[in-house]
Structures are given as C-alpha cells and as structure tokens.
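The values are calculated or read from the model by the stated rules, or taken from the named source; none is laboratory data. Keep in mind that what you see is a predicted model, and the values were worked out from it rather than measured. As a convention, Cβ positions derive from the backbone with ideal geometry for all residues, glycine included, and neighbour counts pool all protein chains shown. Areas reflect the complete protein model, heavy atoms only, side chains present, ligands, DNA and RNA absent. Shrake-Rupley method; radii C 1.70, N 1.55, O 1.52, S 1.80 Å.
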Amino acid sequence: MATLVLSGNRFNEITEAVLGMRSLRWLWISHNQIGALPGTLTALDRLQSLLLNDNLLTSIDVPLPDSLLELDISHNEISG
C-alpha cells in the first residue's frame with residue numbers, strides 16, 4: 001500500500017500497525033487528536049508526504065524519515 005488516508009477520525013496516536021506499513025509513501029492523518037509523534041517514525045523510510053494538520057501536536061521532537069518531502073503541521077498546538 002502506498003497511500004493511507006486516516007483523516008477525520010478520532011485517533012490520538014499513530015499506531016504500530018501503521019508504522020509497520022513500510023511501503024507507505026503518503027500518510028494523511030489530519031483532523032484527528034494526535035498529541036505526539038512516535039519515536040519510530042523513521043521506520044517509514046519511503047514516506048514522502050505526511051499530513052498532520054489539525055491535530056493536537058505541541059512539538060516535533062522526534063526524527064523524521066529522510067525520504068520526507070512534504071510535512072504539514074499547520075493548525076496544531078505548536079508555539080514558538
């Protein structure tokens with residue numbers, strides 16, 4: 001599977017099941033209730049697009065995959 005769209009649900013985390021989908025290139029998980037990113041996000045080493053807008057993130061304090069070309073974290077709780 002190359003694309004996974006989980007937008008508009010009430011997810012509060014990115015699960016191990018999603019992190020196990022090593023062939024993902026696009027993960028769209030906006031409009032949820034995610035408050036933190038897992039430290040193992042780099043396992044998605046083919047990921048090119050990660051849409052996390054409209055969640056509850058307060059920071060991005062984990063490494064991101066080197067393959068990432070697009071990251072949307074707008075409309076979260078990040079300040080600074």
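Each residue in region 1-10 was checked for being open to solvent by less than 80 Å² (accessible area, probe 1.4 Å) and either part of a loop (DSSP other than H, G, I, E, B) or touching a Cys at 6+ places or on another chain (Cβ under 6 Å) (or both), and 5 pass. Could you check, for region 50-62, whether at least one of its residues is in contact with a helix residue (DSSP H, G or I) (Cβ under 7 Å, 6 or more places away or on another chain) and more than 17 Å from residue 6 (Cβ to Cβ)? Looking through region 50-62, at least one residue is in contact with a helix residue (DSSP H, G or I) (Cβ under 7 Å, 6 or more places away or on another chain) and more than 17 Å from residue 6 (Cβ to Cβ).
Scanning region 16-41 for residues that are of a type in the set (S, T, N, Q) and at pLDDT 95 or above gives 23, 30, 32, 33. Can you tell me which residue among 47, 51, 19 is touching a Phe, Trp or Tyr at 6+ places or on another chain (Cβ under 8 Å) and over 20 Å from residue 76 (Cα atoms)? Matching residue, one of 47, 51, 19: 47. Screening region 67-80 for residues that are part of a loop (DSSP other than H, G, I, E, B) and not aliphatic (A, V, I, L, M) and picking the one that is surrounded by the fewest Cβ atoms within 10 Å (Cβ to Cβ) gives 80.
If the condition is being touching a Leu at 6+ places or on another chain (Cβ under 8 Å), open to solvent by less than 30 Å² (accessible area, probe 1.4 Å), in a loop (DSSP other than H, G, I, E, B) and polar (S, T, N, Q), then region 17-66 contributes 30, 32.
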